[in-house]
Amino acid sequence: FSFRKLWAFTGPGFLMSIAYLDPGNIESDLQSGAVAGFKLLWVLMLATTIGLLLQRLAARLGVVTGLHLAEVCHRQYQKVPRIMLWLMVELAIIGSDMQEVIGSAIAINLLSVGRIPLWGGVIITIADTFVFLFLDKYGLRKLEAFFGFLITIMALTFGYEYITVKPDQEKLLKGLFIPYCQNCGTPQLEQAVGIVGAVIMPHNMYLHSALVKSRQVNRANKKEVREANKYFFIESCIALFVSFIINIFVVTVFAEAFFEKTNADVNNVCTNASSPHSSLFPNNNQTLEVDIYKGGVVLGCYFGPAALYIWAIGILAAGQSSTMTGTYSGQFVMEGFLNLRWSRFARVLLTRSIAITPTLLVAIFQDVEHLTGMNDFLNVLMSLQLPFALIPVLTFTSLPSVMNDFANGL
């Protein structure tokens, strides 16, 4: 084992791990904490572990064949199933992009103390296109460093919330290692399904299989291929462990502070704190329902304005970073399935336009409730798209005709 070699292979796993930290994930985390307390942490850990195994298969495919998953699909499948697969993956990418737009718009609204309306935040996210293209000019290694910086911001901001709230460590460990959900009903089951859909992103497998190609590996040398597979797996383990810890921060903060709270409880605290957002919580005994927007507001009411702004910075970092991985996924998927080579500018502009249009309409004509409600729908959409990535990954990595001596034998 060599740390120098691990460093050389470090990058693709951290870019891939961003999909485990996008605004859809953060929303799923906080809702599971508020609805089920610490009881669904084992689902998060199980989903992350399964995600790691699938990412390992996707990375192995890229390393061994020199082709990413979409290119292998193009070679192995007939035209009709190939087009169907491409459409399903594109749908997942657009859904993910919508979550990033929603998260960024809400973060901008919170940071501006409501001066920039939600629709203004949606329009501002168009600038992501130009930020991405500007960074892309400086090469992949610089881009990987920038992603590392954004992950660090998320770790620091959500870690600050964790230290401020001080969740019960015994309940945390119990929730992680005891796969049981006492007194759980339909709402908790919905959150459990939402966690799986938010964590395991279908297009992320296409992305990871392509990113590993950025490292030079002599595929004629089995020892080199085996070594690359080893270091990419170690890097993926580290990256997903970091993302898992950040997700735990969010779940446990809301589990400790807001589980079984009523609207009246939060309304009283926000009113006493002179929060301008008190009207978000009607003075009744219904159980508190939170989302990315309300989550920031209640943190501000209970733990001071600093908690609100730090929360918003974390959400903005999540939205900005996942925007770029979504763009890369779209690029590889289109090139692989259709053998089309669009410029990144055209690719970003198309997906961003498709994502922004419905989001902008909701932001203009509806309120924040409907905008964040779209995140729940999009997490379900991700769950429905999963088979269209799982089946090709599991099939191709088990075929000796594709993987040679590195077929997994399942």
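Please give the helices (runs of 4 or more DSSP H) falling wholly within segment 92-180 in which 3 or more residues are out of contact with any Asp or Glu (no Cβ under 6 Å at 6 or more places or on another chain) and of a type in the set (Gly, Ala, Ser).
Values: elements: 118-124, 127-136, 140-165, 169-177.
Result: 140-165.
Return the residue satisfying two criteria in turn: it lies in segment 66-100 and is in contact with a Lys or Arg (Cβ under 8 Å, 6 or more places away or on another chain) and buried (at least 16 other Cβ atoms within 10 Å of the Cβ), and of such residues it is nearest to residue 388 (Cα to Cα). Give the derivation first.
Filtering segment 66-100 down to residues in contact with a Lys or Arg (Cβ under 8 Å, 6 or more places away or on another chain) leaves 66-68, 73-74, 97.
In the following step, the residues that additionally are buried (at least 16 other Cβ atoms within 10 Å of the Cβ) were identified as 67-68, 73-74, 97.
Working: 67: 18, 68: 15, 73: 11, 74: 14, 97: 18 Å.
Within segment 66-100, the match that is nearest to residue 388 (Cα to Cα) is 73.
How many of the residues in segment 162-186 are in contact with a Gly (Cβ under 8 Å, 6 or more places away or on another chain) and either open to solvent by less than 40 Å² (accessible area, probe 1.4 Å) or hydroxyl-bearing (Ser, Thr, Tyr) (or both)? Reasoning before the result, please.
Step one: filter segment 162-186 for residues in contact with a Gly (Cβ under 8 Å, 6 or more places away or on another chain), giving 171, 175.
The next check asks that each one be either open to solvent by less than 40 Å² (accessible area, probe 1.4 Å) or hydroxyl-bearing (Ser, Thr, Tyr) (or both); those that pass are 175.
Qualifying residue count for the region: 1.
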(request) From (1) under 27 Å from residue 25 (Cα atoms); (2) modelled with pLDDT under 90; (3) assigned to a helix (DSSP H, G or I), pick out the condition that doesn't hold for residue 282. (result) (3)
(request) Among the residues of segment 35-53, write down those that are open to solvent by 20 Å² or more (accessible area, probe 1.4 Å), in a helix (DSSP H, G or I) and either modelled with pLDDT of 90 or more or under 21 Å from residue 386 (Cα atoms) (or both). (result) 42, 45, 46, 49, 50, 52, 53
(message) Return the residues of segment 78-114 that are free of Cβ contacts under 8 Å to residues at least 24 places away in the same chain and among the hydroxyl-bearing types (Ser, Thr, Tyr); say none if nothing qualifies.
(response) 112
(message) For segment 204-242: of the residues being closer than 19 Å to residue 16 by Cα and of a type in the set (Gly, Ala, Ser), which is most open to solvent (accessible area, probe 1.4 Å)?
(response) 214
(request) Search segment 387-403 for residues that are touching a residue at least 12 places away in the same chain (Cβ under 8 Å) and pair each with any residue that is among the basic types (Lys, Arg) and open to solvent by 20 Å² or more (accessible area, probe 1.4 Å) when their beta-carbon atoms are under 8 Å apart and the residues are at least 6 apart or on different chains. (result) 397/60; 403/60
(message) Is it the case, given these coordinates, that residue 23 is out of contact with any His (no Cβ under 7 Å at 6 or more places or on another chain) and without any contact (Cβ under 8 Å) to a residue 40 or more places away in the chain?
(response) no
(message) For a quick check of your reading: which helices (runs of 4 or more DSSP H) sit entirely within segment 189-277 and have at least 3 residues that are among the basic types (Lys, Arg) and over 25 Å from residue 315 (Cα atoms)?
(response) 222-258
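Can you find a residue in segment 267-274 that is open to solvent by less than 40 Å² (accessible area, probe 1.4 Å), under 30 Å from residue 305 (Cβ atoms) and either modelled with pLDDT of 85 or more or among the basic types (Lys, Arg) (or both)? Step through it out loud before you land on a result.
Initially, segment 267-274 is screened for residues open to solvent by less than 40 Å² (accessible area, probe 1.4 Å), giving 267, 270.
With under 30 Å from residue 305 (Cβ atoms) added as a condition, the list becomes 267, 270.
Still in the list and also either modelled with pLDDT of 85 or more or among the basic types (Lys, Arg) (or both): 267, 270.
Yes, some residue in segment 267-274 is open to solvent by less than 40 Å² (accessible area, probe 1.4 Å), under 30 Å from residue 305 (Cβ atoms) and either modelled with pLDDT of 85 or more or among the basic types (Lys, Arg) (or both).
Quick check on segment 243-250. Is at least one of its residues surrounded by fewer than 19 Cβ atoms within 10 Å (Cβ to Cβ) and in contact with a helix residue (DSSP H, G or I) (Cβ under 8 Å, 6 or more places away or on another chain)?
Let us first name the residues in segment 243-250 that are surrounded by fewer than 19 Cβ atoms within 10 Å (Cβ to Cβ), namely 245.
Filter once more, so that each one left must be in contact with a helix residue (DSSP H, G or I) (Cβ under 8 Å, 6 or more places away or on another chain): 245.
Yes, segment 243-250 has at least one match.
The values are calculated or read from the model by the stated rules, or taken from the named source; none is laboratory data. Everything quoted here is computed from the prediction, not taken from an experiment. Ideal geometry is used to build each Cβ from the backbone, glycine not excepted, and the neighbour counts take in all protein chains shown. These area figures cover heavy atoms from the full protein model, side chains too; ligands, DNA and RNA do not enter into them. Shrake-Rupley method; radii C 1.70, N 1.55, O 1.52, S 1.80 Å.
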